[in-house]
Amino acid sequence: MKVTVSYGCDLDDVPNNISQLLGLLSTADLRNIENLVENAAEECVVGSVSQGLETIDNIRRSLAKLDERLMDYAIILSGYIKAKADIHTGIFEDKHPNSETLEGLPEDLLSVEGSDVDIEEIKETNDQVS
């Protein structure tokens, strides 16, 4: 099951945060995939072709998961570039909204692929929590 995890950070910290996430990919996932490739090659050499085929399928699944995460990172960086351009051109003021409210955030930053966030509903929820 795929879930979406989100957290807020300062706009200028986005590249460093993505860099850290990419670092995690390189230390964990890529090394695991590399080991699987080596295992698949060895299995084919020693005659365990069916096991090699299963390992190759595992590699493909791991690469698909990795690709999904890379796409998420690309979308975040695209949003970062757009936000910086909007600030530079004056379309979006560089406000630091109160962390408990959504003031100052453009609506397009509050939408997620395929589903928009209901700002009024969130404001009501925040008011109830306060």
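Every read-out reported here was derived from the displayed coordinates using simple, explicitly stated rules and does not represent laboratory data. Just so it is clear, the structure is predicted and the values come from calculations on it, not from any experiment. Quick reminder, even Gly has a Cβ in these numbers, built from the backbone with ideal geometry, and neighbours come from all protein chains shown.
Observations, loosely collected:
- Residues that are outside any helix (DSSP H, G or I) and in contact (Cβ under 8 Å) with a residue 24 or more places away in the chain, drawn from the range 31-46: none
- Residue selected from the range 1-23 under the condition outside any helix (DSSP H, G or I) and not small (Gly, Ala, Ser), by the criterion surrounded by the fewest Cβ atoms within 10 Å (Cβ to Cβ): 1
- Test: residue in the range 49-64 that is of a type outside the set (D, E, K, R), under 24 Å from the mean Cα position of the chain (by Cα) and over 22 Å from residue 75 (Cβ atoms): yes
- From the list 50, 26, 62, the lone residue that is among the small types (Gly, Ala, Ser) and surrounded by 13 or more Cβ atoms within 10 Å (Cβ to Cβ) is 62.
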